[in-house]
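Have a look at the structure below before the remarks.
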Amino acid sequence: GLDQDVQASKLAVEFKVISGEGTDDYQKVLFVVDASNGNVLYQESLIYHGSVNVQVNEYVTSDLKADTCGVETTRAMPYAKVVIGTTTLYTDVNGALTYTYSGTGSVTVAPTMGGKYFTVTPGSGTLNTVASQTVADGGTATFLFNPGAANAAISTAQTNVYEIANRTRDMILTANPNYPTIQTQTGFVVRPNLSGTCNAYYDGNINFYLSGGGCSNTGFGDVVAHEYGHHMVSSAGSGQNQYGEGQSDVVGVLITDSPILGYGFQTCSTGIRTASNTCTYSA
């Protein structure tokens, strides 16, 4: 018997059953059966599962302005790629995940500067990294990309571009979960810190320039939303031209909830366009 359930002694057979080795259905179970009739007297799984919690954050410009004008803050890194042992996982929208595994040993946790939906490929400098951590069963690992980089425009551009691209994608799919291409697309390339100044562009990827020539690093805020807006237009099969520019500006305005576009692109006191104007459509 078990605990307070006292039973009379009887002859039993004890054995273990193992199945599905090397697969997700792996089982190892202890059985104790009545030797006279085969009835199961007791059974217990011999697989003990460990788990670790992971939180991935990033240091970004808080108010969607150029990094030279805004204040940096720590935010959760959505959909970040995390390798635990040999398994690739992704955080949720809040930068968190829980990983359950067979056994109770420690595991190595290693996030990367990128995620499920966007791949960051910098044109200059090196990709932001964090050191991997060895985490015991039941433990929590917290990571921060671009720590304390309030004045490092090259590093901050990577986290800014990643954050705003994900935020823009989420906004589009909230409005239309079946938006063509975007609903299923993974690994879309974002390219901050390209050689050149005072511009950003869409060519199937979204691309942003280094600071210089009187302009800030363009990997920020509604500039990112605008360029991903061009991808939105392209994915729907619409022509770009004036429509693409206007619709992409609308995406930027929806992200910042402000009529001023490109705040800090050239100066921290103004933007480069405004949606609050007297322009009226004319055929």
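The table that follows gives values for the structure above.
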read-out: ³J(HN,Hα), Karplus 6.51/-1.76/1.60, whole Hz, each residue of the stretch 123-139, x for Gly, Pro; value: x, 9, x, 9, 5, 4, 9, 10, 6, 5, 10, 9, 10, 7, 3, x, x
read-out: For Ala141, residues with placed amide H under 5 Å, excluding near neighbours; value: Asn53, Val54, Gln55
read-out: Computed P(r) (all Cα pairs; the stretch 131-212; 10 Å bins; percent); value: 14, 34, 30, 19, 3
read-out: 10 Å binning of all Cα-Cα separations within the chain, expressed as whole percents from 0 upward; value: 6, 24, 25, 16, 10, 7, 6, 4, 1, 0
read-out: Quotient of C-alpha Rg and 2.2 N^0.38 Å, computed over the stretch 26-87; value: 2.42
read-out: Karplus 3J(HN,Hα) series, Hz, for the stretch 26-36 with 6.51 cos²θ - 1.76 cosθ + 1.60 (x for Gly, Pro); value: 4, 9, 9, 10, 8, 10, 10, 10, 5, 5, 8
read-out: Coarse-grained scattering of the stretch 84-134 at q = 0.18, 0.21 Å⁻¹, given as base-10 log I(q)/I(0) from a Debye sum over alpha-carbon atoms; value: -0.71, -0.91
read-out: Where no second cysteine Cβ lies under 4.7 Å, the cysteines concerned in the chain; value: Cys279
read-out: Those lysines that a straight Cα-Cα span of less than 30 Å connects to Lys116, excepting residues fewer than 8 apart in one chain; value: Lys65, Lys81
read-out: In Hz, Karplus ³J(HN,Hα) per residue of the stretch 110-121 (6.51, -1.76, 1.60; θ = phi - 60°; x = Gly, Pro); value: 9, x, 10, 7, x, x, 5, 9, 9, 10, 8, 10
read-out: By average C-beta atoms within 10 angstrom, highest first, the peptides 238-246, 275-283, 81-89; value: 81-89, 238-246, 275-283
read-out: Probe 1.4 Å, accessible area per residue of the chain, Å²; value: 51
read-out: Ordering of 31-44, 103-116 by burial proxy (mean other Cβ atoms within 10 Å per residue, highest first); value: 103-116, 31-44
read-out: Inverse mean reciprocal Cα-Cα distance (Kirkwood Rh) of the stretch 200-283, Å; value: 13.3
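The values are calculated or read from the model by the stated rules, or taken from the named source; none is laboratory data. What you see is a predicted model, and the numbers here were worked out from it, not measured in a lab. Methodologically, a virtual Cβ is constructed for each residue, glycine included, from the backbone with ideal geometry; neighbour enumeration extends over all protein chains shown. Just the protein is used for accessible areas: all its heavy atoms, side chains included, with ligands, DNA and RNA removed. Shrake-Rupley method; radii C 1.70, N 1.55, O 1.52, S 1.80 Å.
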